[in-house]
1. Could we say that residue 312 is crowded, with 18+ Cβ neighbours inside 10 Å, on the phi < 0 side of the Ramachandran plot and within 16 Å of ligand 2 (Cβ to nearest atom) here?
2. Could you list, in sequence order, the residues of region 137-174 that are aliphatic (A, V, I, L, M) and away from ligand 2 (no atom under 16 Å from the Cβ)?
3. Return yes when residue 248 is of a type outside the set (Phe, Trp, Tyr) and either assigned to a helix (DSSP H, G or I) or within 30 Å of residue 226 (Cβ to Cβ) (or both) and no when it is not.
4. Would you confirm whether or not region 264-271 contains a residue that is touching a helix residue (DSSP H, G or I) at 6+ places or on another chain (Cβ under 6 Å), more than 16 Å from ligand 3 (Cβ to nearest atom) and more than 20 Å from residue 204 (Cα to Cα)?
5. Hey, residue 294 hits all of (1) surrounded by fewer than 17 Cβ atoms within 10 Å (Cβ to Cβ); (2) modelled with pLDDT of 95 or more; (3) not polar (S, T, N, Q) but one; which does it fall short on?
6. Scan region 313-338 residue by residue and report those that are over 24 Å from residue 282 (Cα atoms) and assigned to a helix (DSSP H, G or I).
7. Output the residue which, of all residues in region 85-102 that are in contact with a Ser or Thr (Cβ under 9 Å, 6 or more places away or on another chain) and among the aliphatic types (A, V, I, L, M), is surrounded by the most Cβ atoms within 10 Å (Cβ to Cβ).
8. Which residue pairs have Cβ atoms closer than 8 Å, lie 6 or more positions apart in sequence or on different chains, and pair a first residue in region 89-116 that is touching a residue at least 40 places away in the same chain (Cβ under 8 Å) and closer than 30 Å to residue 144 by Cβ with a second residue that is within 16 Å of ligand 2 (Cβ to nearest atom) and acidic (Asp, Glu)?
Amino acid sequence: MIVLGLETTCDETAAAVVERDADGRGRILSNIVWSQIDEHAAFGGVVPEIAARAHVEVLDRLIAQAMQEAGRRFDELDGVAAAAGPGLIGGLIVGLTTAKAIALVHEKPLVAVNHLEAHALTARLTNDLPFPYCLFLASGGHTQIVAVRGVGDYVRIGTTLDDAIGEAFDKTAKVLGLDYPGGPAVERAARDGDPARFALPRPMVGRPDADFSLSGLKTALRLEAEKLAPLSDQDVRDLCASFQQAVADMVRDRLRTGLSLFREQFGQPMALVAAGGVASNQAIRALLNACALDGRTVLVLPRPELCTDNGAMIAWAGAERLAYGLTDTLDVGPRPRWPLDTVRKPREPGSA
Ligand code: ATP
Ligand code: MG
Ligand code: FE
């Protein structure tokens with residue numbers, strides 16, 4: 001089955017074509033991502049109106065390019081998928097409306113995909129990975145530990161009570177005068193910094209739940225920076241290293257707790273899977289490896305370009321849902337808020 005997928009939830013415009021064979025194996029036929037980072041850099045964050053306009057300007061060209069690279073015509077598709085939420089309303093309308101138009105004209109099934117479900121299922125596109133597995137999703141907008149039990153079947157084990165981890169990296173970069181997006185800039189600066197110079201808090205560590213909190217850490221970092229101002233280059237490096245170490249310590253503790261909560265409820269996970277831009281951070285990758293090892297769990301880290309927002313993940317989630325006959329009608333609407341545990345599940349075999 002061949003599916004076109006569109007991603008427009010935030011600041012990436014993306015179109016991709018993927019194939020899912022009868023055994024559930026995936027293949028990427030094309031995967032085109034256009035990042036709007038340059039449009040938003042001057043503002044230090046994503047500006048929703050600029051994002052929506054940029055999606056309109058480039059999406060049709062990206063789709064043409066994705067179809068051409070895949071070497072397929074629209075009438076050869078088995079379905080059209082678009083991310084219908086969660087995300088910024090302007091972008092969601094652009095992607096979903098475009099997918100509806102293609103589905104209508106070419107008489108193809110439409111799949112309105114939950115962006116988080118797409119992150120959750122991406123590991124199965126490139127790996128032979130059975131359910132259930134434990135997902136650690138850490139991006140600019142989300143920080144969650146999720147039990148992935150099947151297509152459409154997700155149980156949230158932990159979540160952030162305030163900021164997402166990527167967002168905290170972005171805000172730290174802004175306070176320290178580093179480039180946007182902040183994650184890679186903070187990681188680079190941290191390389192030559194002293195992680196022990198500042199005693200920043202480790203929020204949530206030791207709690208029996210698997211939730212996260214970043215706001216106290218973020219404030220502590222800002223106060224240290226204000227005390228030292230004006231900051232030398234070495235101050236910035238040491239602040240970045242101390243911040244990254246505090247985040248890593250929190251994530252290690254929260255994941256260990258999350259994995260044991262998973263085992264209590266669902267048995268041994270088939271794997272620990274990471275997704276989201278933060279999963280490309282080397283310090284985070286190292287601790288994920290350590291967590292998996294001491295839980296005797298396989299670690300599955302999709303390639304960085306499949307961890308950040310892309311069209312292949314939407315197309316793949318569309319294909320996984322299509323395989324269960326889960327399609328949507330043309331009156332389906334965008335959903336700026338759409339918790340992962342509320343997506344529609346396949347019917348149990350035999351149920352009405
Ligand atoms: P979502 O809607 O899923 O939250 P997003 O576009 O905000 O999407 P991604 O594209 O998955 O998220 O990732 C971007 C985020 O990841 C940014 O906040 C960025 O700072 C962070 N990030 C990227 N690389 C790194 C890194 N090396 N270290 C830490 N954070 C990183
Ligand atoms: Mg993004
Ligand atoms: Fe995302």
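The values are calculated or read from the model by the stated rules, or taken from the named source; none is laboratory data. Everything quoted here is computed from the prediction, not taken from an experiment. Here Cβ is always computed from backbone atoms with ideal geometry, including for glycine, and neighbour counts include all displayed protein chains.
1. Numbers: crowded, with 18+ Cβ neighbours inside 10 Å: yes; on the phi < 0 side of the Ramachandran plot: yes; within 16 Å of ligand 2 (Cβ to nearest atom): yes.
The answer is yes for residue 312.
2. First, the residues of region 137-174 that are aliphatic (A, V, I, L, M): 137-138, 145-148, 151, 155, 157, 161, 164-165, 168, 173.
Across region 137-174, the qualifying residues are 145, 146, 147, 148, 151, 155, 157, 161.
3. On the way: of a type outside the set (Phe, Trp, Tyr): yes; either assigned to a helix (DSSP H, G or I) or within 30 Å of residue 226 (Cβ to Cβ) (or both): yes.
Yes, satisfied.
4. Step one: filter region 264-271 for residues touching a helix residue (DSSP H, G or I) at 6+ places or on another chain (Cβ under 6 Å), giving 269.
Still in the list and also more than 16 Å from ligand 3 (Cβ to nearest atom): 269.
If we keep only those that are more than 20 Å from residue 204 (Cα to Cα) as well, we get 269.
Yes, region 264-271 contains a residue that is touching a helix residue (DSSP H, G or I) at 6+ places or on another chain (Cβ under 6 Å), more than 16 Å from ligand 3 (Cβ to nearest atom) and more than 20 Å from residue 204 (Cα to Cα).
5. Answer for residue 294: the failing condition is (2).
6. Narrowing region 313-338 to residues over 24 Å from residue 282 (Cα atoms): 314-338.
Passing the criteria: 314, 315, 316, 317, 318, 319, 320, 321, 322.
7. The extreme case among them is 92.
8. Final answer for the pair search is 95/7; 115/7; 115/309.
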